[in-house]
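Everything below concerns the one structure shown next.
Since every read-out is calculated from the coordinates, none of them should be taken as a lab result. These numbers come from a predicted model, not from an experiment. As a convention, Cβ positions derive from the backbone with ideal geometry for all residues, glycine included, and neighbour counts pool all protein chains shown.
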């Protein structure tokens with residue numbers, strides 16, 4: 001998608017949450033949809049993009065950033081929005097640990113001292129872990145707890 005179209009989408013959609021990732025956008029969308037369980041909620045509240053420039057037009061209240069990507073980290077933590085980060089880095093808000101790949105992916109999500117195991121039976125790549133972490137961050141913003149997120153992701157096909 002070109003940059004002009006992305007800027008138009010930011011203004012037109014007016015989502016409250018922008019997820020900025022270096023990963024596969026459709027995969028991240030699929031995981032977030034699974035956690036939210038509501039396509040209308042996803043489309044109205046969440047914009048998923050790999051647009052890496054300082055954007056923040058409109059009334060975004062939350063930014064969810066792929067903290068493993070150096071270009072995305074440059075966005076930083078603007079004062080005008082609440083920022084949640086995800087990734088494998090120790091300073092990410094939602095961090096994956098204890099990753100095991102064996103007929104699926106088993107790992108733990110760490111967030112503010114809470115640690116919840118996640119099992120992704122039909123997946124095997126790091127991009128799937130990133131998508132799950134992004135979904136967990138969006139779930140937190142929308143008042144889902146990590147156990148609910150883990151349970152929703154367990155049945156993902």
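To one decimal place, what Kirkwood hydrodynamic radius in Å is obtained for segment 82-157 from all pairs of distinct Cα atoms?
When all Cα pairs of segment 82-157 are included, the Kirkwood radius is 12.1 Å.
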Checklist entry - By per-residue mean of other Cβ atoms within 10 Å, what is the highest-first order of 122-133, 76-87? => result 122-133, 76-87
Checklist entry - If you count, for each residue, the other Cβ atoms within 10 Å and average over each peptide, how do 23-32, 135-144 line up from highest to lowest? => result 135-144, 23-32
